[in-house]
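Asks: Can you keep this structure in mind? I'll have questions shortly.
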Amino acid sequence: MIAEQIRELHSLMPEGTELVAVSKFHPTSSIREAYAAGQRIFGESRVQELSQKHEELADLNIEWHFIGHLQTNKVKYIVPYVSLIHAIDSPHLLAEVSRQALRIGRRINCLLQLHVAAEETKFGFTPDEAMDFLESGEWREMNGVRLAGIMCMATNTDDEERIRSDFHTARTLFDEARKRFFMDDEGFRHLSMGMSDDWPIAVSEGSTLVRIGTRIFGERNYASS
Ligand SMILES: *Cc1c(COP(=O)(O)O)cnc(C)c1O
């Protein structure tokens with residue numbers, strides 16, 4: 001079941017789009033199944049769960065992505081091994097990742113989380129805030145991080161036009177940011193968007209990283225964790 005989903009999704013991804021298998025709340029046995037089918041990038045959204053799984057699966061060559069809301073006081077636990085942090089939602093968090101990474105001689109790829117959805121949330125940069133932050137140049141002094149792109153979630157709705165418009169907003173900002181601030185920096189190349197229900201729309205709007213959980217691993221059982 002898991003292996004079939006992985007193979008099918010790999011065959012459906014266009015050139016230049018990679019699959020992040022979101023394994024949160026699922027056991028390491030499921031991750032091993034996906035890995036055996038060829039999946040290498042896994043996404044988790046809680047620090048303690050990621051730390052445990054990273055340890056239990058040390059025999060595998062997994063690229064771990066942190067995709068959830070990250071608290072500054074927990075950054076230090078994941079910087080030794082995480083390869084991409086998707087949801088940087090404030091300049092303060094980015095600075096802390098940089099500080100912790102420098103302490104251990106790493107430089108960590110990070111995406112700015114863009115708030116484009118209709119829902120109220122305190123997380124993420126609005127498009128204006130993101131542009132202002134890039135304009136400020138503050139991030140150029142943060143040598144423990146490398147800005148590698150933009151991440152977003154679309155409005156949680158059945159209205160496909162709204163979802164498409166959210167992704168399109170992110171795509172437009174990504175292109176503009178790349179043009180204005182990263183002309184000589186090929187590292188700014190990820191547009192992380194799309195989940196189980198909306199990934200085809202995200203891909204058609206230019207996503208380079210889709211984060212898919214339920215479709216691969218089934219429903220998450222929050223109660224048992
Ligand atoms: C859980 C999660 C996903 C995966 O969602 P599915 O609907 O299960 O595919 C993707 N992105 C983020 C940020 C998540 O927290």
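Asks: May I ask you to compute the full-extension gain from THR121 to GLU141, defined as 0.36 nm times their residue separation minus their alpha-carbon distance, rounded to one decimal in nm?
Replies: 4.4 nm
Asks: While we're on this one: Between GLU8 and ALA58, how many nm apart are label points set 7 Å from Cα along the C-beta direction?
Replies: 3.7 nm
Asks: Here's a follow-up. Wrap a convex hull around the Cα atoms of segment 75-172, take a quarter of its surface area, and give that in square nanometres.
Replies: Averaged projected hull area, Cα only: 6.5 nm².
Asks: Let's see if you can work this out: charge +1 on each Lys and Arg Cβ, -1 on each Asp and Glu Cβ, no other charges. What is the dipole magnitude of segment 1-156 about its Cα centre, in debye to the nearest 20?
Replies: It works out to roughly 600 debye.
Asks: Mind sorting SER136, SER45 by how few other Cβ atoms lie within 10 Å of their own Cβ, fewest first?
Replies: Lowest to highest Cβ neighbour count: SER136, SER45.
Asks: Using R₀ = 30 Å, calculate the FRET efficiency as 1/(1 + (r/R₀)^6) where r is the Cβ-Cβ separation of THR72 and ASP159; round to 0.05.
Replies: Computed FRET efficiency for THR72 and ASP159 comes out at 0.30.
Asks: Using alpha-carbon pairs under 8 Å, 6+ residues apart, how would you state the relative contact order of the chain in percent?
Replies: Rounded, it is 20 percent for the chain.
Asks: Using the 10 angstrom Cβ neighbour count as an exposure proxy, how do PHE123, PHE174 rank, fewest first?
Replies: Working: PHE123 12, PHE174 28.
With the sparsest Cβ surroundings first, the list reads PHE123, PHE174.
Asks: State the antiparallel share, in %, of DSSP beta bridges confined to the chain, rounding to the nearest 5. Don't skip to the answer; put the middle values down first.
Replies: Numbers: 0 of 27 bridges.
Antiparallel bridges make up about 0 percent of those DSSP assigns within the chain.
Asks: Assuming 1.306 mPa s and 10 °C, estimate D for the chain with Stokes-Einstein, Rh taken as the Kirkwood radius over Cα pairs, in µm²/s.
Replies: Working: Rh = 17.8 Å.
Reported coefficient: 89 µm²/s.
Asks: In the Gaussian network model of the chain, springs joining C-alpha atoms below 10 Å, which of GLY149, GLY124, GLY187 carries the largest mean-square fluctuation?
Replies: Judging by the Gaussian network model, the answer is GLY187.
Asks: Shifting gears a bit: On a 21 Å Cα-Cα criterion, which of the cross-link pairs LYS53/LYS74; LYS122/LYS179; LYS76/LYS122 come out too long?
Replies: Where the Cα-Cα span goes over 21 Å, the pairs concerned are LYS122/LYS179; LYS76/LYS122.
Asks: What is the Cα centroid distance between segment 101-138 and segment 151-194, reported in whole angstrom?
Replies: Using only Cα atoms to place each centre, the spacing works out to 13 Å.
Asks: How large is the Rg to Rh ratio of segment 162-205 when both quantities use alpha carbon positions and Rh follows Kirkwood?
Replies: We get a ratio of 1.04 for segment 162-205.
Asks: Running a GNM on the chain with Cα contacts under 10 Å, which residue among LEU70, LEU57, LEU147 ends up with the highest mean-square fluctuation?
Replies: LEU57
Quick note: the coordinates plus some simple rules give every number you see, no bench work behind them. Note that this is a predicted model, so its numbers are computed, not measured. When we count neighbours, we look across all protein chains shown, and the Cβ atoms used for this are built from the backbone with ideal geometry, even at glycine.
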